[in-house]
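The values are calculated or read from the model by the stated rules, or taken from the named source; none is laboratory data. No experiment lies behind these values; they were computed from the predicted model shown. Cβ placement follows ideal geometry from the backbone for every residue including glycine, while neighbour counts extend to all protein chains displayed.
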Amino acid sequence: MAAMTIDTAAALVLVVDDSADAAESLALVLELEGFRTLTAHDGRSALDRIGQERPDAVLLDLGLPDLDGVEVGRRIRALADGDGILIVALSGHGGQDDLAATRAAGFDAHLVKPVDPGRIVALLGAPRGPAADPGTPIAATWSKTR
């Protein structure tokens, strides 16, 4: 499989955060960078949005009120075209157990809040595909980013 990149001009990014202010703020920043965005504030509505409009990327908080973000990520990966969606954990949860859980669920990256929006934009535009070491996610984003 060849490396894939997200075309900023056409990319649709779903921002999922139970804080409406946080989701809307990040969506606005991404729109200023040329992305199209959707928002959701819980796991079930995120999965509904994905079913209605297939996003290219999902920025996913882990501490959601209904389904936790890890379960949402797992369900995205289980979709017929789920492997084609970039899934990034964007959460205040960054302990070793959290990192292991998102990695096991198939997330592409795990960023710990607060994160510079420029780092998110760079990650969305970075090529992705099979890494030389399957245990090393794209852009070495599994470490805390502050």
- Message: Looking at (1) surrounded by fewer than 23 Cβ atoms within 10 Å (Cβ to Cβ); (2) without any contact (Cβ under 8 Å) to a residue 60 or more places away in the chain; (3) not polar (S, T, N, Q), which one does VAL72 not meet, given that it meets all the others?
- Response: (1)
- Can you find even one residue in the range 78-92 that is surrounded by 14 or more Cβ atoms within 10 Å (Cβ to Cβ), in contact (Cβ under 8 Å) with a residue 12 or more places away in the chain, over 22 Å from GLY125 (Cα atoms) and of a type outside the set (A, V, I, L, M)? no
- Item | ARG54 being surrounded by fewer than 18 Cβ atoms within 10 Å (Cβ to Cβ), out of contact with any strand residue (DSSP E or B) (no Cβ under 8 Å at 6 or more places or on another chain) and closer than 25 Å to PRO127 by Cα | no
- Restricting the range 30-43 to residues that are part of a helix (DSSP H, G or I) and either at pLDDT below 95 or loosely packed, with under 14 Cβ neighbours inside 10 Å (or both), the one nearest to the chain's Cα centre (by Cα) turns out to be GLU31
- PRO134 being at pLDDT 95 or above, assigned to a loop (DSSP other than H, G, I, E, B) and of a type outside the set (Phe, Trp, Tyr): no
- Item | Candidate set: the range 44-61, residues that are part of a loop (DSSP other than H, G, I, E, B) and under 19 Å from ALA80 (Cα atoms); chosen: the one farthest from the chain's Cα centre (by Cα) | GLU53
- Message: Being on the phi < 0 side of the Ramachandran plot, in a helix (DSSP H, G or I), surrounded by fewer than 18 Cβ atoms within 10 Å (Cβ to Cβ) and charged (D, E, K, R) is the requirement here; does ASP18 meet it?
- Response: no
